[in-house]
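S.K.: Structure below; questions to follow.
Just so you know, all these numbers are worked out from the coordinates, no wet-lab data involved. Remember, predicted model here, so these are calculated numbers, not experimental data. Reconstructed Cβ throughout: ideal geometry from the backbone, glycine too, with neighbour counts over all protein chains shown.
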Amino acid sequence: MITPRILFAFLVVGLMTSCVGKKKFDEMLVNKDQEITEMKESMDKLKMDMQSNIEALNQKNTDLAKQKDDINMNLKTVKDELSTAQKGLSDVEYRVDQKQKQIDNLRGEINAAFANVEAAVSNVDAAVFNSSQRIKEIEGQMYLDLNDNINFKSASDKLQKGDEGAIQEIANMLIQNPSLTLFVEGHADNRGLTTDKFDDNWDLSAARGITVVRKLIDLGVNPKQLAAAGRAEFLPEVAGDSKEAHAANRRTEFVIVPNVGKLYRMSKESKKP
C-alpha cells in the first residue's frame, strides 16, 4: 500500500526529472538553432563564393573568347599579309624574269649589231688595215684602223693619188653592207691657215671629210650610208709641232656607226617598271 509519504516522494522526483529534461531540451534547441544559423551562414558564404567563382569563370571565358577572336583576326591578317607578300613576290619574280628576257634580247641585239660590223670589216682587203686590229676605239667611238690614214697637203682638201686604193676598199665594204653607216671625220694640224679658201681649221677639216664622202659616192656608195664631220686640230694623231706631226694630223678617219636605233628602243623598254 502506497502511503502518502511514498507518493509525495515520487511526485517530488518526477517534478525534478521533468525540470531537468526541459532545460536540457531547451539547450539542445538553442544549440540546434545556432548550428542551423551557422550552417545557413556557411551555405550562404559558400553560395556567394561559388557565385563569385562562376562570375570569375564567366569573365575569364569572355576574355578567352575575346582573345580567341583577336587571335583569329590576327591570324587572318597574317594570312592576308602572307598572301599579299606571295603575290608581291610572284609579281617581282615575273618582273625579274621579264627584265632578264629584255636584257637577253638586248645582249643578243648588241652582239648582232657588232657582229655585222666585224663581219663587214673582216671582208676588207687586209692590206688596208693594221695587222694587229681592224677597229680601234678612241673616246668611245669605233674607228677603222687603217695602215695609212688618208692625208692631205697643208691647207688643202684635195685627195692624193696614193689614197685611192684605201677609199675603194672602204667603198666596197659599204656597198656590200648597206646597213652600215660611216662618218668620215676630217682633221687639221694646229697651224693657222694661209689661204682664203677656208675660214679656219674647222672649215678645212670639215671640207676634208666632205671630199672623201663625195669620192665614196662617186664609187657607188649610197649617200644615206655616209656623213661628214670636222674635228679641226683638237684630236691630233701625233702630238707636237714637228713637220712629221703636222703631216700625220692632216688626215681623215672613218667612224663606224652601228645601227643602234633598235637597241635604244629596247633600252627604253627595259627601263619601264
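S.K.: Exposure proxy check: Asp241, Asp145 ranked by fewest other beta carbons within 10 Å?
M.R.: Working: Asp241 9, Asp145 20.
Ascending Cβ contact count within 10 Å gives the list Asp241, Asp145.
S.K.: With charges set only on the Cβ (+1 for Lys and Arg, -1 for Asp and Glu), what does the dipole of segment 58-273 come to about its Cα centre, in debye to the nearest 20? Walk me through the numbers before you get to the answer.
M.R.: Working: 30 positive and 33 negative charges, 189 e Å.
Roughly 900 debye for segment 58-273.
S.K.: Taking the number of other C-beta atoms within 10 Å as the exposure measure, put Glu38, Glu237, Glu164, Glu185 in order starting with the fewest.
M.R.: Working: Glu38 10, Glu237 16, Glu164 13, Glu185 23.
The order, fewest Cβ neighbours first, is Glu38, Glu164, Glu237, Glu185.
S.K.: Using Cβ contacts closer than 10 Å as the measure, can you line up Arg251, Arg134, Arg191 from fewest to most? Let's see the in-between values first.
M.R.: Working: Arg251 23, Arg134 18, Arg191 14.
Going from sparsest to densest Cβ surroundings: Arg191, Arg134, Arg251.
S.K.: Filter Lys158/Lys243; Lys158/Lys197; Lys79/Lys99; Lys23/Lys45; Lys136/Lys197; Lys153/Lys197 down to the pairs with a C-alpha to C-alpha distance above 21 Å, please.
M.R.: Values: Lys158/Lys243 19 Å; Lys158/Lys197 12 Å; Lys79/Lys99 30 Å; Lys23/Lys45 32 Å; Lys136/Lys197 33 Å; Lys153/Lys197 14 Å.
Those over the limit are Lys79/Lys99; Lys23/Lys45; Lys136/Lys197.
S.K.: Near Leu180, within a Cβ-to-Cβ distance under 14 Å, what is the net charge of the other residues, with Lys and Arg +1 and Asp and Glu -1? List each step's numbers first, then the result.
M.R.: Working: positive: Arg134, Lys224; negative: Glu118, Glu169.
Residues near Leu180 contribute 0 overall.
S.K.: Quick one: putting +1 on the C-beta of Lys and Arg, -1 on the C-beta of Asp and Glu, what dipole do you get for segment 49-110 around its Cα centre, in Debye to the nearest 20?
M.R.: Numbers: 10 positive and 12 negative charges, 54 e Å.
For segment 49-110, the charge dipole is close to 260 debye.
S.K.: Average the reciprocal distances over every distinct pair of alpha-carbons in segment 58-273, invert the result, and give the Kirkwood radius in Å. Mind dumping the intermediate values first?
M.R.: On the way: mean 1/r = 0.0463 Å⁻¹.
So the Kirkwood estimate lands at 21.6 Å.
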